[in-house]
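Here is the structure we will look at, set down as structure tokens.
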Amino acid sequence: MKITPLLFKFSDFKALPKEQTDGMTGANPVYATVNKPDRVQISTIKRALDELEEVQYLPNDFLYMQTLGANPPFNSGKEAVEWIKQNKAKILYADFSNPKVHACLDYNPQEGITILINSNYKDNCSYADVLAISEAIFHECGHGKDMDNKNSIQEELNCLSLNVLAHRYYQKKYKGIFDNSSSFLYSQGVSLYPKLFFDFYKTALKNRVADKYGYLQSGDDKHPATKLADDIKRIYESATYV
Ligand SMILES: [Zn+2]
């Protein structure tokens, strides 16, 4: 059952979902119709948060990220769960006009923080799906932490590093758990970024982030651009002749 649709439109709203991933310019609006969560969904979110709370980074992974040029906004999954509680962030399911958007975040000073999860995740939720949802929540918490609606390539890199750090923890904790997960949400997200971030050559990572987020500014006042973000911006500009 749907409640009154909440429409997030790129040009109309001050409070925007931060994931404007449809197309290289980000000019197309993403509409989100928020669903009233049912019991199964509420329990799925709870399970995802319980998993996230256990996430610790593997030895050296945090340092690896910083050396690469990404600054993870949290030191553990528990820190993010605490942040959700302290800020009374809501987590809801939504239908997105672009089904490729995994999750997005809405912040406005009146309503506070809402994390929206792609409703495609909700049915037949496997254990791997629960973990994937927890990674998406982790990512959006990273965006929410700065309490603004600005976004940048650097902010995305920082938040993507959270997905990767959590994913590597889950891979070690639950060996083989993602092996049979080949759907789009995995091949283009959950399982993709850990490979790209930890590949010896960073070309594929840069190209991917340029493709998805290159239209954003390389850094912002709360997330000063590292060389990695600047490199990505240059790739985007040279590809689009901006
Ligand atoms: Zn993001």
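The values are calculated or read from the model by the stated rules, or taken from the named source; none is laboratory data. Predicted model, so just to flag it, every value in this text is computed and none were measured. All Cβ positions, even for glycine, are placed from backbone atoms using ideal geometry, and neighbour counts span all protein chains on display.
Quick notes on this one:
- Test: residue in the stretch 160-169 that is within 29 Å of residue 222 (Cβ to Cβ), more than 16 Å from the ligand (Cβ to nearest atom), touching a His at 6+ places or on another chain (Cβ under 9 Å) and modelled with pLDDT of 90 or more: no
Matching residues to (1) away from the ligand (no atom under 14 Å from the Cβ); (2) crowded, with 17+ Cβ neighbours inside 10 Å; (3) in a helix (DSSP H, G or I):
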position	(1), (2), (3)
125	yes, yes, no
136	no, yes, yes
141	no, yes, yes
149	no, no, no
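- Complete set of residues in the stretch 40-78 that are part of a helix (DSSP H, G or I), closer than 24 Å to residue 223 by Cβ and touching a Cys at 6+ places or on another chain (Cβ under 9 Å): 52
- The number of residues in the stretch 79-113 that are part of a loop (DSSP other than H, G, I, E, B) and either in contact (Cβ under 8 Å) with a residue 40 or more places away in the chain or of a type in the set (S, T, N, Q) (or both) comes to 9.
- Of the residues making up the stretch 193-210, those that are closer than 24 Å to residue 137 by Cβ and more than 14 Å from the ligand (Cβ to nearest atom) number 6.
- Residue satisfying all of: in the stretch 84-100; surrounded by 19 or more Cβ atoms within 10 Å (Cβ to Cβ) and within 15 Å of residue 31 (Cα to Cα); nearest to the ligand (Cβ to nearest atom) among these: 96
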